[in-house]
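Inspection log for the structure reproduced underneath, given as structure tokens.
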Amino acid sequence: MNAEALLTKHFGVADHACSIVLEHSRLVADKALRVARSLGDPALDLNFIEEAALLHDIGVCRTKSAGIGCTGDAPYILHGIIGREILESEGLHRHALVCERHIGVGLTTDDILRQGLPLPSRDMVPLNREEIIICFADLFFSKKPDTLRHEKSCDEVRRNLGRFGEHKVAIFEQWLQELSG
Ligand SMILES: [Fe+2]
């Protein structure tokens, strides 16, 4: 499986957006691999972690994200479920779930209903350790072109999540404990 080729295929002419997503995803994949390796657990599927991290934002290609040059129709919040749809059409069913489950620390049905998000009302939260590690690593990086390479501190991540409620920060704290090998 060639993640870069898949991204290029689906971003099409949006090559600037594609290179931003690719660079962001490489940083997320590298952090996810560092976290996974530090746990020293041979049961963790490192190959899957790398591939799925490289593809987690593929759904951005169909969103309207002017900041990175994406001119699709869909609101940005849909990039998770669009990514799932794309990867399922590519036969990558396990990777597809990472796309859907990586927004923030995951979205619950309750989050979706309370915030009135334009998403199907079902839980979209990372369930297994590979999914959690990718979601965790993604929290440390943005796709804003000027801060793409900046790895956020834990305090920055806490502040960002805090805007969505203390229960989100609590999930991050739990992951920090579980994932510090
Ligand atoms: Fe991301």
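The values are calculated or read from the model by the stated rules, or taken from the named source; none is laboratory data. It should be emphasised that the depicted structure is a prediction, and the values quoted were computed from it without experimental measurement. Positions of Cβ are generated from backbone atoms using ideal geometry, with glycine treated the same way; all protein chains shown enter the neighbour counts.
May I ask you to verify whether residue 122 is at pLDDT 95 or above, basic (Lys, Arg) and not in a helix (DSSP H, G or I)? When the stated conditions are applied, residue 122 passes them. Looking across region 19-48, the residues that are within 14 Å of the ligand (Cβ to nearest atom) and in contact with a helix residue (DSSP H, G or I) (Cβ under 9 Å, 6 or more places away or on another chain) come down to 20, 21, 22, 24, 25, 26, 27, 28, 29, 30, 31, 32.
Checked against the criterion of being more than 16 Å from the ligand (Cβ to nearest atom), touching a Pro at 6+ places or on another chain (Cβ under 9 Å) and at pLDDT 95 or above, the candidates 77, 112, 171, 133 yield just one match: 112. Taking region 44-74 as the range and being out of contact with any Lys or Arg (no Cβ under 7 Å at 6 or more places or on another chain), modelled with pLDDT under 95 and polar (S, T, N, Q) as the test, only 65 passes. Please go through region 5-40 and pick out each residue that is charged (D, E, K, R) and modelled with pLDDT of 95 or more. The answer is 9, 23, 26, 30, 31, 34, 37. Restricted to region 152-164, and to residues there that are in a loop (DSSP other than H, G, I, E, B) and surrounded by 12 or more Cβ atoms within 10 Å (Cβ to Cβ), the residue that is nearest to the chain's Cα centre (by Cα) is 152.
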